[in-house]
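A.B. asks: Submitted below is the structure of interest, expressed as C-alpha cells.
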Amino acid sequence: MTSTVTVKPEVSVVIPIYNEQAGLAALFARLYPALDALQIAYEIIFVNDGSVDNSVSILAEQFRLRPDVTRVVLFNGNYGQHMAILAGFEASRGEIVVTLDADLQNPPEEIKHLVAKMREGYDYVGSIRRKRQDSAWRTLASKAMNRLRERITNIKITDQGNMLRAYHRNVVDLMNQCAEVNTFVPALAYTFARKPTEITVEHEERSAGESKYSLYSLIRLNFDLVTGFSLIPLQIFSMLGMMLSVGSGILVFLLLIRRFILGAEAEGVFTLFAIAFFFMGVILFGIGLLGEYVGRIFQQVRARPRYVVQTILQNLPGQSPIVPDALEKRTVGR
C-alpha cells in the first residue's frame, strides 16, 4: 500500500540534507520500501540546508518520482542541522515525527521499531546505537560530552549523537512554538516530553561521504546545549570566584604578617607568579563563559529569522506539483 499526501499522514520522516549527493540514491532505495512496508500513511520531508553540490537537483528528481509522499524544503543558505530539523517539524503533519540522518548510519528499517514504541503510549522515543561504527576518538568524545551534559542539565539522553528519534505531535507542536536561535532538538524535546523512553537500534558505517561534525563542532554543540538548558555553569563559576576571592584574601593576609615579622624576602616570587597566572586563567575562563550566555541573549534579542525557506516542493490537495527548474540551477550553482 502506497500512501499519498492527500491523506493526513500518520508518520512524518524529517531528513536534513547537506552535501549528500553521493549517498542519496542509496537512501532512497532503502527508505521508501521500508516506509511502504509499514502500510500506513506517511510523508518524507527532506530539508536542504544550503547544499552546494547536486543534492537539490537529486531531491527535485525524487520529488517528481514520488510526489505522493515526498516534500522538499529548500533553505536559501546553511543554517545548521538542528535548524533544518525544526523547519521539517514546522512542515510536518504526522502524529508521529521521526528524524533521520541521510548517511544511512541509522538504517531506515529501524523506523518501524520507533513507531511501534510510540504506539505504546510514549511521546518521545530516543535511540541508542547497539554498536557504534564511528572512530574511537569520536566515540570517546561523545561519551565524555554525554556525561558532562547529563550532570549539568539533568537531561538524560544516553546517546545524544544519534539522530534517529521519534516525537509525538504534541511535543513537536510545543517545539514549534519556541523561538530559540540556538538549540539542541533532542534535549528540547526531552524537556517537553511527559513519557520519554529509549530503545536500542542498529548502526552502520556511512554509505558515502564524510561526517559533517569535527571535534570543534562537537564541542560547540555541547556549549550550546549546556548554556541553552542550564545556569549551573554560571553558578559554579560564581561559587569558584567567591572561594578564590576568600583564598586570595587569606593568602595576602598571611604574606603581610610574614613581611612584618620576618621582613622583606625574595623567596616565593615564582610561586606568587603561578598563583597570579592561575587566577588570571580562571578570570579569562569566566569571561568566556559569561560571553556564551551574553552571546545567546544578543542573538535572541536581534529577533532575526532562524532560517529562510527559499521554496517548498510539495503536492498538497488542490495544488499542482511545483518544481522550479530555474530555482534549482541557482541553488546548485551558488
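The values are calculated or read from the model by the stated rules, or taken from the named source; none is laboratory data. Only a predicted model underlies this, so the values are computations on that prediction, with no experimental measurement involved. Quick reminder, even Gly has a Cβ in these numbers, built from the backbone with ideal geometry, and neighbours come from all protein chains shown. Each accessible area value is taken on the protein alone, full model and side chains, heavy atoms only, with ligands, DNA and RNA left out. Shrake-Rupley method; radii C 1.70, N 1.55, O 1.52, S 1.80 Å.
A.B. asks: Is it fair to say ALA136 is over 15 Å from ILE15 (Cα atoms) and modelled with pLDDT under 95? If you could, list the steps in order and put the result at the bottom.
C.D. replies: Numbers: over 15 Å from ILE15 (Cα atoms): yes; modelled with pLDDT under 95: yes.
Yes, satisfied.
A.B. asks: Within the stretch 180-191, how many residues turn out to be modelled with pLDDT of 85 or more, open to solvent by less than 50 Å² (accessible area, probe 1.4 Å) and in contact with a Phe, Trp or Tyr (Cβ under 7 Å, 6 or more places away or on another chain)?
C.D. replies: Total meeting the criteria: 1.
A.B. asks: In the stretch 91-116, what count of residues is obtained for those that are of a type outside the set (Gly, Ala, Ser), over 18 Å from the mean Cα position of the chain (by Cα) and under 21 Å from MET175 (Cα atoms)? Spell out how you get there, then give the answer.
C.D. replies: Applying the first criterion (of a type outside the set (Gly, Ala, Ser)) to the stretch 91-116 yields 93, 95-101, 103-115.
Checking which are over 18 Å from the mean Cα position of the chain (by Cα) leaves us with 93, 95-96, 107-115.
Adding the requirement that they be under 21 Å from MET175 (Cα atoms) leaves 93, 95-96, 114-115.
Going through the stretch 91-116 one residue at a time, the tally reaches 5.
A.B. asks: Of all residues being in contact with a Phe, Trp or Tyr (Cβ under 9 Å, 6 or more places away or on another chain) and charged (D, E, K, R) in the stretch 66-80, which is farthest from ALA102 (Cα to Cα)? Just the residue, please.
C.D. replies: Of everything passing the filter in the stretch 66-80, ARG66 is farthest from ALA102 (Cα to Cα).
A.B. asks: To continue, here is another question. Would you be able to say whether some residue in the stretch 259-267 is surrounded by 12 or more Cβ atoms within 10 Å (Cβ to Cβ) and either at pLDDT 65 or above or out of contact with any Gly (no Cβ under 7 Å at 6 or more places or on another chain) (or both)?
C.D. replies: As a first pass, look at the stretch 259-267 and keep what is surrounded by 12 or more Cβ atoms within 10 Å (Cβ to Cβ): none.
Checked against the condition, which is being surrounded by 12 or more Cβ atoms within 10 Å (Cβ to Cβ) and either at pLDDT 65 or above or out of contact with any Gly (no Cβ under 7 Å at 6 or more places or on another chain) (or both), the stretch 259-267 yields no hits at all.
A.B. asks: While we're looking at this one, here's another question. Residue pairs, Cβ under 6 Å, 6 or more apart or interchain, first in the stretch 73-88 and closer than 15 Å to ALA189 by Cα, second modelled with pLDDT under 90 and open to solvent by less than 10 Å² (accessible area, probe 1.4 Å). List them.
C.D. replies: Close Cβ pairs satisfying both conditions: HIS82/VAL185; ILE85/VAL185.
A.B. asks: Name the pairs whose Cβ atoms lie under 8 Å apart, with the first residue in the stretch 97-113 and farther than 13 Å from ARG30 by Cα, the second polar (S, T, N, Q) and open to solvent by less than 10 Å² (accessible area, probe 1.4 Å), and 6 or more positions between them or separate chains?
C.D. replies: Every condition considered, the pairs that remain are VAL97/SER12; VAL98/SER12.
A.B. asks: Could you check how many residues of the stretch 154-179 are at pLDDT below 75 and open to solvent by less than 20 Å² (accessible area, probe 1.4 Å)?
C.D. replies: The number of residues fulfilling the criteria is 2.
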